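Asks: For reference, the structure I am asking about is given below.
The values are calculated or read from the model by the stated rules, or taken from the named source; none is laboratory data. For clarity, every value in this text was computed on a predicted model and none was experimentally measured. Here the Cβ positions follow ideal geometry from the backbone for every residue, glycine too, while neighbour counts run over all protein chains shown.
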């Protein structure tokens, strides 16, 4: 019975185990970057002050809400590929390319940190495109394209706040 059940639950979706593992590894980095940026953005939402308070407080809330809604699809794609999703601060700390910000920076510094964070997530997503493309993994390609569009657009909007 166990052998039959294993055969039924094995993944046969046209993507090799090796390719699924490579894609899942990339997605684990994307998930860690997304969650780390979510936490940074929420922290800045709570702690922003100064003349731009209302604008940034509301903008950061919109951004952290979008990031929060992004973590589930990334993790669920990993699960659909047959691999566990990381879910602890320790794992995210090891996997993320985004470093924590110490203390409470000034509002403009918060914006600058978030620009760097969105650029980092975009780089992580973009680095996974070739593996997903080679494996003909359309759902992952779609997810990555959506994430790239959001992070590049958000970085542009944040940069606009710092331009003269």
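Asks: Which ones in region 122-143 are free of Cβ contacts under 8 Å to residues at least 40 places away in the same chain and either touching a helix residue (DSSP H, G or I) at 6+ places or on another chain (Cβ under 9 Å) or over 26 Å from residue 12 (Cα atoms) (or both)?
Replies: Residues of region 122-143 free of Cβ contacts under 8 Å to residues at least 40 places away in the same chain: 122-123, 126, 129-130, 133, 138, 141-142.
Within region 122-143, 122, 123, 126, 129, 133, 138, 141 qualify.
Asks: Whether any residue in region 135-146 is over 15 Å from the mean Cα position of the chain (by Cα), closer than 21 Å to residue 66 by Cα, part of a helix (DSSP H, G or I) and modelled with pLDDT of 95 or more is what I want to check. Before you say what the answer is, go through the steps one by one.
Replies: Going residue by residue through region 135-146, those that are over 15 Å from the mean Cα position of the chain (by Cα) are 135-139.
With closer than 21 Å to residue 66 by Cα added as a condition, the list becomes 139.
Right, trim to part of a helix (DSSP H, G or I) and you get 139.
Okay, now just the ones that are also modelled with pLDDT of 95 or more, so 139.
Yes, region 135-146 contains a residue that is over 15 Å from the mean Cα position of the chain (by Cα), closer than 21 Å to residue 66 by Cα, part of a helix (DSSP H, G or I) and modelled with pLDDT of 95 or more.
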